[in-house]
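Chemist: Provided herewith is a single structure, encoded as structure tokens, for subsequent inquiry.
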Amino acid sequence: MSEKQKKRLIRIIKWIILLGTLMVFAKITEDIFANEIFLFDEVIYQNISYFMNDIATVFFKIVTNLGSAITIGAVCVGSILFLKNKNYSKYIILNTILITVFNQVLKNIIQRPRPTEHRIINEIGYSFPSGHSMVSMAFYGFIIYLVYKNVENKKIKYIVCTILTVLILFIGISRIYLGVHYASDVIGGFCFSIAYLIAYTNLIRNRVTQRKE
């Protein structure tokens, strides 16, 4: 397969993923508006108490804070102060603002109440889509994209990308464990942000990569 064919195949796969994740998000949203009950939400939410213990609770409280507005805001400020390439900082901040706005708009349109059982921490606002999950996927996902495209050392590249991927997943799990979101809130947030990231990175890729794709 030629390089041109590989690039074309990658583009096709990206758009398949974009459409697929948007379809999942739309389906969950449709079911919420129809007041349908998600069986897997009930199963996960009712049985998660069996896995609760003091160590896990402390762990997930720490993890969930890594997806908070304070932590992500601090990283954005740090990017301005410490990154030599200010284009990176600019697009990291723009990305964070855009996904936060999308999340708040969607929450206020859909207006799904938060779960009320097994609540370990208190949160205000609506439940779907999960803000921590949605913003973390877009924020850390974009950093993964920057690292993958611009870091030449493969060992460092794959270690950082793997760590951030695991972090995103655990932030989503933490929201369910701490009792402030249903599993479908997290899945919906992840799906929307994956589709959003594909579109966002395609729009700005030539401005934040050191080499051509």
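Chemist: Out of residues 5 or more away from Phe128 or on other chains, whose amide H comes under 5 Å of its own, with H placed 1.01 Å from N in the peptide plane?
Modeler: Arg112
Chemist: Next question, about the same structure. On a straight-distance basis, which lysines could pair with Lys157 in a cross-link, Cα separation under 18 angstrom, same-chain partners fewer than 8 positions away excluded?
Modeler: Cα-Cα hits under 18 Å: Lys149, Lys212.
Chemist: For a 30 Å ceiling on Cα separation, which of these pairs sit above it: Lys84/Lys154; Lys4/Lys107; Lys14/Lys107; Lys4/Lys27; Lys86/Lys154?
Modeler: Over 30 Å apart, Cα to Cα: Lys4/Lys107; Lys4/Lys27.
Chemist: Here is a follow-up. State the extension gain, in nm to one decimal, for the chain segment bounded by Leu9 and Cys76, taking 0.36 nm per residue of separation less the distance between their alpha-carbons. Write out the running numbers ahead of the final one.
Modeler: On the way: separation 67, 0.36 × 67 = 24.12 nm, distance 3.33 nm.
Working it through step by step, the gained length comes to 20.8 nm.
Chemist: With every protein chain left in place, what is the accessible area of Phe33 in Å² (1.4 Å probe, nearest 10)?
Modeler: 120 Å²
Chemist: Compute the separation of the alpha-carbon centres of the range 157-213 and the range 115-133 and state it in Å as a whole number.
Modeler: Answer, in whole Å: 19.
Chemist: To continue, here is another question. Which aspartates and glutamates, if any, have their Cα less than 14 Å from the Cα of Lys61, not counting same-chain residues under 8 positions apart?
Modeler: Glu123
Chemist: How large is the Kirkwood hydrodynamic radius of the chain, in angstrom, based on all distinct alpha carbon pairs? Each step should come with its number before you reach the end.
Modeler: Values: mean 1/r = 0.0547 Å⁻¹.
Hydrodynamic radius (Kirkwood, Cα only) of the chain equals 18.3 Å.
Chemist: Kindly identify the range 20-112 as rounded, prolate or oblate by the Cα gyration tensor criterion: order the square roots of the eigenvalues as a ≥ b ≥ c, call it rounded if a/c is under 1.5, otherwise compare a/b with b/c, prolate if a/b is larger, else oblate.
Modeler: oblate
Chemist: Moving on to the next point. Just the Cα atoms of the range 101-208: what Rg and Dmax do they give in Å?
Modeler: 15.3, 47
Chemist: Quote the relative contact order of the chain in percent (integer), defining contacts as alpha-carbon pairs under 8 Å separated by 6+ residues. Spell out each step's value before the answer.
Modeler: Working: 237 pairs, mean separation 67.4, N = 213.
About 32 percent, as a whole number.
Chemist: Still on this structure, please answer the following. I'd like to check one number: the per residue accessible area of the range 38-169, probe 1.4 Å, reported in Å² as a whole number.
Modeler: Heavy-atom SASA per residue in the range 38-169 reads 58 Å².
The values are calculated or read from the model by the stated rules, or taken from the named source; none is laboratory data. Please read all numbers here as calculations on a predicted model, not as lab measurements. Calculation scope for accessible area: heavy atoms of the full protein, side chains included, ligands and nucleic acids excluded. Shrake-Rupley method; radii C 1.70, N 1.55, O 1.52, S 1.80 Å.
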